[in-house]
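Enquirer: Quick one: the structure is below, and I'll ask about it shortly.
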Amino acid sequence: MSDKTKADAGYGKLGLCSGCGYFPDYLNSHRCTPGDACIRAHSGRQIDRFLRTNPDEAHLYLADIFWERRAIAARYAPEELITPLQRDNDEVVRRVVASRIPLDQLATMSRDPDREVRLSVASRLPEAQLATLISDPDYMIRATVARRLPHGQLARLAKDPEREVRKVVATRLPPFALHMLANDPEPEVRAVVAERALPGLAAALLQDPEWWVRLAAVSNAPLEFLDPLLSDPEAEIRDAAKARLAEANAA
């Protein structure tokens, strides 16, 4: 092997192996491979392969000057050692920390400036603490909270300014509480309500101005309210009403 080839591969005074504390023991024992699994490389793939093979070394790189090395080290280091990285100046590092930190320490990251960090927090935070994120400025965080909040607290998001959050609320509210969203300004939300509504509310939604809301209400409305729909201007609604009435008559 030429000197240049050796240097390119990581060997010699010009290669990454030069001055490395793991050389030559780790190389000889196949715990690292120049160009493939190397802690000194500026390649996330190589760093990850090295620490995946040698997780006991990860704690040594939690304060490394290179953000990607810190982030990868945080994946493999013991949970109790990554707590100081909650305030790391790189958001990628903090995202890793938020995905691994013990739950009893997670609330301290709920105001992180990075949305992806807060998403990790919202997906892992114990239910009893989720209310702290109800007013988060990012609707994706609030939607994640809405998917996990105890039913008794969902009403707090029923008037959320973002449609997607209210749609999540509509899929989770108990049917008896869906009246809170029956007059929502967005037909997509009202359609979700109609699909899950109790008979009385479903009957009211048969009068909705949007045809797909009326269609969603057909399956839940009492039979005595369906006859007028046989003249609905939308063919899909007429067909749905006919099918339900025919099924009831055949029973």
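Enquirer: Hey, residue 115 hits all of (1) open to solvent by 50 Å² or more (accessible area, probe 1.4 Å); (2) more than 30 Å from residue 159 (Cα to Cα); (3) basic (Lys, Arg); (4) out of contact with any strand residue (DSSP E or B) (no Cβ under 7 Å at 6 or more places or on another chain) but one; which does it fall short on?
Expert: It fails just one condition, (2).
Enquirer: Could you tell me which numbered condition residue 95 fails, if it satisfies all but one of (1) part of a loop (DSSP other than H, G, I, E, B); (2) open to solvent by 70 Å² or more (accessible area, probe 1.4 Å); (3) of a type outside the set (Phe, Trp, Tyr)?
Expert: Of (1) part of a loop (DSSP other than H, G, I, E, B); (2) open to solvent by 70 Å² or more (accessible area, probe 1.4 Å); (3) of a type outside the set (Phe, Trp, Tyr), only one is false for residue 95: (1).
Enquirer: Considering only the stretch 120-196, give the helices (runs of 4 or more DSSP H) lying wholly within it that have at least 2 residues that are in contact with a Lys or Arg (Cβ under 6 Å, 6 or more places away or on another chain).
Expert: Output list reads 163-172, 187-196.
Enquirer: Looking at the stretch 53-80, which of its residues are assigned to a helix (DSSP H, G or I) and within 25 Å of the chain's Cα centre (by Cα)?
Expert: Within the stretch 53-80, 67, 68, 69, 70, 71, 72, 73, 74, 75, 76, 79, 80 qualify.
Enquirer: Scan 222, 161, 185 and give me the residue that is surrounded by fewer than 20 Cβ atoms within 10 Å (Cβ to Cβ), under 31 Å from the mean Cα position of the chain (by Cα) and more than 30 Å from residue 111 (Cβ to Cβ).
Expert: 185
Enquirer: Scan the stretch 22-45 and tell me whether some residue there is loosely packed, with under 14 Cβ neighbours inside 10 Å, within 30 Å of residue 127 (Cα to Cα) and out of contact with any Asp or Glu (no Cβ under 6 Å at 6 or more places or on another chain).
Expert: No: zero hits.
The values are calculated or read from the model by the stated rules, or taken from the named source; none is laboratory data. Just so you know, these numbers come straight off a predicted model, no measurement behind them. Cβ: placed from backbone, ideal geometry, glycine included. Neighbour counts: every protein chain shown. Side chains are part of the model used for accessible areas, which takes the heavy atoms of the whole protein and leaves out ligands, DNA and RNA. Shrake-Rupley method; radii C 1.70, N 1.55, O 1.52, S 1.80 Å.
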